[in-house]
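First comes the structure, then the notes that go with it.
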Amino acid sequence: MKKKLIIYLLVSFLLLPTTVLALVKPTKEFYVNDYADILSEETENYIVQKSSALHKQTKAQIVVVTVKNLEGRDLESYATDLFRSFGIGDKKENNGLLLLVSLEERQSRIEVGYGLEGVLPDAKTGRFQDTYMIPYFKEDNFDEGMLNGYKAFYKEVATFYGYTEDIDEPIEEDTSQIIEIVAIVMYVGIIIIVIGFIKNGRGPGGFYYGGRSYRGGSSSRGGFSSGGFSGGGGFSGGGGSSRGF
């Protein structure tokens, strides 16, 4: 009988879902879980202090998790299961927010509970990552990037609930000048191409070279699209966005 029980327990252990085995557990601080060891003590204390105060005033919870890797899982399902496992946000309001970074995969995800979906739709969470976090992550400055991103999301959630005390402004990357330079370069490039066509005598019917006329054939090329990677008892479900860096 004892032998059968041992075999049963062993088989049950082997059949446990990998999702349970792969997830990290909440630390005693709950709001900061730096398993990748990329955050400074100052940043951790800041997040714990801010998230604790926010929760007391609004019942909303913002939790930061960093992991070394995803244990072979995809980012989105890992974030969703992590959100539910931690129970981020109020059970009734489902107003939790998860900021997740996986170091080895170089990916980040924002997971949003239903209760915050209106204030933090997918497009906004993606834009916030692109603006406040990813520029730092690309330079391996994870501590400053997470702190800056946290400030941006904290401000959005706190303002939504009318809790406007001690809000620190995040640093926004100014990309306007870069966009203007790219536009000017493209404009000049088009002008140069047009001038080249005119000088070579090109027209709708072909072009002349050495006194002879040639007609160009037509060809089609497939295009491509690029984009980002599509994150108290809360159970997520509101959506989110992912980014690579």
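Quick notes on this one:
- The helices (runs of 4 or more DSSP H) found entirely in the stretch 47-161 that carry 1 or more residues being modelled with pLDDT of 95 or more, of a type in the set (V, I, T) and surrounded by fewer than 23 Cβ atoms within 10 Å (Cβ to Cβ) are 75-86, 134-138, 142-160.
- Any chance R127 is on the phi > 0 side of the Ramachandran plot and under 13 Å from the mean Cα position of the chain (by Cα): no
- Close pairs from the stretch 161-178: first over 21 Å from D130 (Cβ atoms) and of a type outside the set (G, A, S), partner at pLDDT 65 or above and part of a loop (DSSP other than H, G, I, E, B), Cβ under 8 Å, at least 6 apart: Y161/A60
The values are calculated or read from the model by the stated rules, or taken from the named source; none is laboratory data. Keep in mind the model is a prediction, meaning the values are calculated, not measured. Every residue, glycine as well, gets a Cβ built from its backbone with ideal geometry; the counts of neighbours run over all protein chains shown.
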